[in-house]
1. Suppose the filter is within 12 Å of chain A (Cβ to nearest Cβ) and polar (S, T, N, Q); does B:Gln370 pass it?
2. Output the qualifying pairs, or none if there are none: Cβ atoms under 7 angstrom, residues six or more apart or on different chains, first residue in segment B:369-383 and closer than 21 Å to B:Val99 by Cα and assigned to a loop (DSSP other than H, G, I, E, B), second residue modelled with pLDDT of 95 or more and of a type in the set (Ser, Thr, Tyr).
3. Just name the residue that is nearest to the chain's Cα centre (by Cα) out of those in segment B:57-113 that are of a type in the set (Ser, Thr, Tyr) and either more than 11 Å from every other protein chain (Cβ to nearest Cβ) or crowded, with 18+ Cβ neighbours inside 10 Å (or both).
4. Could you run through segment B:305-353 and say how many residues are part of a loop (DSSP other than H, G, I, E, B), crowded, with 17+ Cβ neighbours inside 10 Å and within 10 Å of chain A (Cβ to nearest Cβ)?
5. Show the residue pairs that are 6+ apart or on different chains and have beta-carbon atoms under 6 Å apart, the first residue being within segment A:1-20 and farther than 14 Å from B:Leu457 by Cβ and facing chain B (nearest Cβ under 7 Å), the second being at pLDDT below 90 and surrounded by fewer than 22 Cβ atoms within 10 Å (Cβ to Cβ).
6. Quick check on this structure: which one of B:Thr58, B:Thr95 is touching a residue at least 24 places away in the same chain (Cβ under 8 Å) and among the polar types (S, T, N, Q)?
7. When the residues of segment B:162-190 are filtered to those that are assigned to a loop (DSSP other than H, G, I, E, B) and within 14 Å of another protein chain (Cβ to nearest Cβ), which remaining residue is nearest to B:Val99 (Cα to Cα)?
8. Would you kindly identify the helices (runs of 4 or more DSSP H) lying entirely within segment B:390-453 that contain at least 1 residues that are in contact with a helix residue (DSSP H, G or I) (Cβ under 7 Å, 6 or more places away or on another chain) and facing chain A (nearest Cβ under 9 Å)?
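The values are calculated or read from the model by the stated rules, or taken from the named source; none is laboratory data. Just so it is clear, the model here is predicted, and its values are computed rather than measured. Heads up, the Cβs are rebuilt from the backbone with ideal geometry, glycines too, and the neighbour counts pull from every protein chain shown.
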Amino acid sequence: MKHIKTIETKNLCESAKNGGCGECQTSCQSACKTSCGIANQQCESKKESK
Amino acid sequence: MIHQYKLGGFNIVLDICSGSVHAVDDVAYDIISMYETAEKDAVIAAMKEKYANGEDITENDIIECYEQIEELKNAGKLFAPDTFEPMAGELKNKTRGVVKALCIHIAHTCNLNCAYCFASQGKYQGERAIMSYEVGKRALDFLIENSGTRKNLEVDFFGGEPLMNFEVVKQLVAYARRVEKEHGKNFRFTLTTNGLLIDDDVIDFANKEMSNVVLSLDGRKEIHDRYRVDYAGNGSWERIVPKFQKLVEARGGKNYYMRGTFTHANPDFLKDIQQMLDLGFTELSMEPVVCASGDPSELTAEDLPVVLEQYEKLAELMLKREKEGRPFTFYHYMIDLTGGPCIYKRISGCGSGTEYMAVTPWGDLYPCHQFVGDEKFRLGDIYEGVTNTAIQQEFSDCNVYAREECRNCWARLYCSGGCAANAYHATGKITGIYEYGCELFKKRMECAIMVAVAKMLGEE
């Protein structure tokens, strides 16, 4: 019996290894302009591991 | 750290530091809640007692479930420790001095007189002003000069109402397009407008040159026209909706957002989202009002449970329409679990005052559009660059570990510490906490992740 379904996600610990390229969109430079969040941003680096 | 919640018929467990998301059954949900505070034998005994009368749960099931949880822990997908704090300043240090985004205040004036405007009808507590081409050109040069190796440069034409200075917007875009290649840059422009001055010329230009267009509409006519009135006091809904519809239709699928504000007058903002959908718009954003404490539009403690419920109902509506083949996007529920930002981005804060700045019509630099008009936050100008290095350092030090409250918050790697301006206005410090905003943000993340889980499991 499988009790847990793990959804495929980006592994944050693995993403630490690549150093961060800084090319992604600035958090507030989009629709909201009044509340900050980064969860809905895209990674611009195609090479970065998931 | 673990965060677990039940929503939309799912038991969801978030492992905050690995970024893992799990959909679990009731037994796993209960075991995970006890896992860190009780020994294995005690957990299993508690589960046996709780599920003694259950039809299908045997002792073997419980032990098997416990072992699955242990496996995930050993694989780094549950109870992963937070080892990221030493990296908190790394990305900012590596990119120190690099500016990649400007909010260009092309017009500190507006043809609407919205009482709830955080920019005080576009004037930002100052005099009315529009930016000249020369100032705008210098702002773009400043951005190019200070962008280092960064290729994609973001420029938002903001106000006030940017279309009140449309000729300069067009000239600046033309200038940027002329020089971007020789500098190895790619400008991404955004225009935020109240819609009144949209015409065929604006539509053609915006659809050709703007990566994104943000259109201000609060939803229902009576809600929109309560605040979004002209100087004669007339509502603007009927004048702008056909213009927005025409622009969006002509946009042919390019990015846009229909962006509304909800206030104390409409904590039941799902009705406004429904109105936007009924008008044919599908890329939606609805934001809580930002206003001074005590303002009549301010969201109250009584509004909070209403708003939280609206977010849940919005998630349900999204899933329902998705199934019906009529999907829509809600800005805050866009979450890409496999391709979202890396850990450096998640812990670095929003970038205001460092990689992102606002430029006034006369060329002053501020940490972001929300600080414009507050002289003590003036960073410098586009001619001399940043001269108030003390203030910039405060923003540079602002990251997810700079706030004690954030260290123990499950949402910290989704919000990156929140909005410095909201924190400042709520507490007097940019490293403070705007608790009301945090509550809304956490609910939005729970809903966004639930929607993503439902979609992913639905595809299996």
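1. Considered against the rule, which asks whether it is within 12 Å of chain A (Cβ to nearest Cβ) and polar (S, T, N, Q), B:Gln370 comes out as yes.
2. B:Val372/B:Thr360; B:Val372/B:Tyr366; B:Arg378/B:Tyr366; B:Leu379/B:Tyr366
3. Filtering segment B:57-113 for residues that are of a type in the set (Ser, Thr, Tyr) and either more than 11 Å from every other protein chain (Cβ to nearest Cβ) or crowded, with 18+ Cβ neighbours inside 10 Å (or both), the one nearest to the chain's Cα centre (by Cα) comes out as B:Thr95.
4. Summing the residues that are part of a loop (DSSP other than H, G, I, E, B), crowded, with 17+ Cβ neighbours inside 10 Å and within 10 Å of chain A (Cβ to nearest Cβ) in segment B:305-353 gives 10.
5. A:Lys10/A:Lys50; A:Lys10/B:Thr338; A:Asn18/A:Glu48
6. Selected residue: B:Thr95, the only one of B:Thr58, B:Thr95 that is touching a residue at least 24 places away in the same chain (Cβ under 8 Å) and among the polar types (S, T, N, Q).
7. B:Lys185
8. Here the list reads B:412-415, B:420-427.
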